[in-house]
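Heads up, the thing below is written out as structure tokens.
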Amino acid sequence: MIKVSVLYPNDEGSTFDMNYYADKHVPMIQKLLGDAMKKFEIDEGVSGPAPGSRPAFVAAVHMYFDSTDAFYAAFSPHAKDIRNDVANYTNLKPVTQISTVRA
């Protein structure tokens, strides 16, 4: 299994609409990618390592797929639509990482 993580750095002066992200953007991705996406998790940054410190990321989504091939096959046809929606909730440039999930 692989995990596709899309992280949003908590940059000064950035904007991020968590409600839009959680209620519209991620559900849109789920609908477009269908059964290829096994599950997803949304993170909202609340703190860094010290109490009251700024979190490194304002938000992240972690999406799980059987393989990188399954992810690319599902994502590629919809990449433009998904990317075009980013401006509706943030001015940040997301960082993406694909990882192997180990138990």
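None of the figures in this text is laboratory data; all of them are computed from the coordinates on show. Bear in mind the structure is a predicted one, so any value in this text is a computation, not a measurement. Backbone-built Cβ (ideal geometry, glycine too); neighbour counts: all protein chains shown.
Observations on the model:
- Using a Förster distance of 35 Å, the FRET efficiency for ASP85-MET1 (Cβ separation, nearest 0.05): 0.85
- Size estimate for region 2-100 follows the Kirkwood approach: the inverse of mean 1/r over distinct Cα pairs works out to 14.1 Å.
- Cleavage-rule hits (GluC sites (Glu not before Pro)) in region 1-70: DSSP loop, at most 11 neighbouring Cβ within 10 angstrom: GLU12
- Taking region 2-100 as the region of interest, the number of lysine pairs whose Cα atoms are within less than 20 Å, with members eight or more places apart or on different chains, is 11.
- Ranking of LYS39, LYS3, LYS24 by count of other Cβ atoms within 10 Å, fewest first: LYS39, LYS24, LYS3
- Going from the fewest other Cβ atoms within 10 Å to the most, the residues VAL95, VAL46, VAL86 appear in the order VAL46, VAL95, VAL86.
- The distance from the alpha carbon centre of region 84-103 to that of region 34-55 is 11 Å, rounded to a whole number.
- Per-residue Cβ neighbour counts within 10 Å put ILE29, ILE98 in the sequence ILE98, ILE29, beginning with the fewest.
- Rel. contact order, % - alpha carbon contacts under 8 angstrom, at least six apart, region 2-100: 51
- Size of electric dipole in the chain: Cβ of Lys, Arg +1 and of Asp, Glu -1, about Cα centre, debye, nearest 20: 180
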